[in-house]
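Notes to accompany the following structure.
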Amino acid sequence: LYAAAGELNEVGGDFYDVFDYEDARTMLVIGDVCGKGPRAAGVTALARHTLRAAAIGGQSPAGMLATLHQALLRQPPGADLCTVCLIMLVREQGGARLTIALAGHPPPLLIRRGGEVEQIGRSGTVLGVVNPVSIEETEIALSAEETLLLYTDGVIEAGRPSHLLGEHGLLELCAAAPDLPLASFLEHIEHAALTRTEGRLRDDIALLALRITA
């Protein structure tokens, strides 16, 4: 789910991607480029295509983000810092194995079948700023019927400064995930964010959710 901010809905810097590649692996990506307009749109395209190419080359999730960092450093000066959450999913009997790599991005949320929620992954360096970057990988198991949620910071920053949705508000919304289809779950979060902002988002919202059926 993607919701653009602003009355004119000028293209922003939030992006997401999902693609399959070798050995029954799937890559999930969500990110946020600083800024709006054509330049931000160009950087989001660079990010998506660089990560796809790095995946084909067999790099690890942390290696893919390091490659994107180098690509951003080669951009013209003045733009182009970027946060990314990248997850490699390998299918297993009864679920999947996830490898999470974070580059300055909010950690994804793992929502258990009973509604319990936990943040997963370890924070890393924002891309495109300074060398060297420090990015660690975290491995976890995702069982059938559990829900994985990736999001951009426009979600938790929705609302007036004194009345933001915040991480705590998002965690409370996630408790409804086991009872809702994925599309309805994302609309549930979007509705809460729009309610906080009275329909006027200050920043784009991107949400990406995954659930493996039994």
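The values are calculated or read from the model by the stated rules, or taken from the named source; none is laboratory data. On a predicted model such as this, the values are computed, not experimentally measured, just so you know. Note that we place each Cβ from the backbone using ideal geometry, even for glycine, and neighbour counts take in every protein chain shown. Surface accessibility is based on the protein's heavy atoms, side chains included, excluding ligands, DNA and RNA. Shrake-Rupley method; radii C 1.70, N 1.55, O 1.52, S 1.80 Å.
Relative contact order for the chain: what percent, with Cα pairs under 8 Å and sequence separation of 6 or more? Before the final figure, lay out each step's value.
Details: 479 pairs, mean separation 48.2, N = 214.
Result for the chain is 23 percent.
For the range 20-157, report the accessible area per residue in Å² (1.4 Å probe, heavy atoms, rounded to an integer).
Details: 5730 Å² over 138 residues.
Result: 42 Å² per residue.
About the Cα centre, and with charges only on the beta carbon of Lys, Arg (+1) and Asp, Glu (-1), how big is the dipole of the range 46-172? Nearest 20 debye, please. Please report the intermediate quantities before stating the final value.
On the way: 9 positive and 13 negative charges, 88 e Å.
Result for the range 46-172 is approximately 420 debye, rounded to the nearest 20.
Within 15 Å, Cβ to Cβ, of Ala214, how many net charges do the neighbouring residues add up to if Lys/Arg are +1 and Asp/Glu are -1? Numbers along the way, then the final one.
Values: positive: Arg91, Arg112, Arg113, Arg211; negative: Glu92, Glu145, Glu146.
Here the count lands on +1.
So what's the net charge close to Thr67: Lys and Arg +1, Asp and Glu -1, counting the other residues with Cβ under 12 Å from its Cβ?
Working: positive: Arg52, Arg74; negative: none.
That sum, taken over residues with Cβ under 12 Å, equals +2.
Per the 1.4 Å probe, what fraction of the accessible area of the chain, in percent, lies on carbon and sulfur atoms?
52
Rounded if a/c is under 1.5, else prolate if a/b beats b/c, else oblate: with a ≥ b ≥ c from the C-alpha gyration tensor eigenvalues square-rooted, which is the range 110-182?
Values: a/c = 2.94, a/b = 1.24, b/c = 2.38.
Here the range 110-182 falls in the oblate category.
For labels at Asn131 and Gln59 in the simple 7 Å Cα→Cβ model, what's the distance in nm?
In this crude spin-label approximation the distance works out to 1.4 nm.
Taking the mean number of other Cβ atoms within 10 Å as a proxy for protection, how do you rank 184-192, 103-111 from highest to lowest? Before the final figure, lay out the partial values.
On the way: 184-192: 17.1, 103-111: 22.2.
Averaged packing, sorted descending, gives the order 103-111, 184-192.
May I have the pair-distance distribution P(r) for the range 1-149, computed from all Cα-Cα distances with 5 Å bins from 0 and rounded to whole percent?
2, 10, 19, 21, 19, 14, 9, 5, 1, 0
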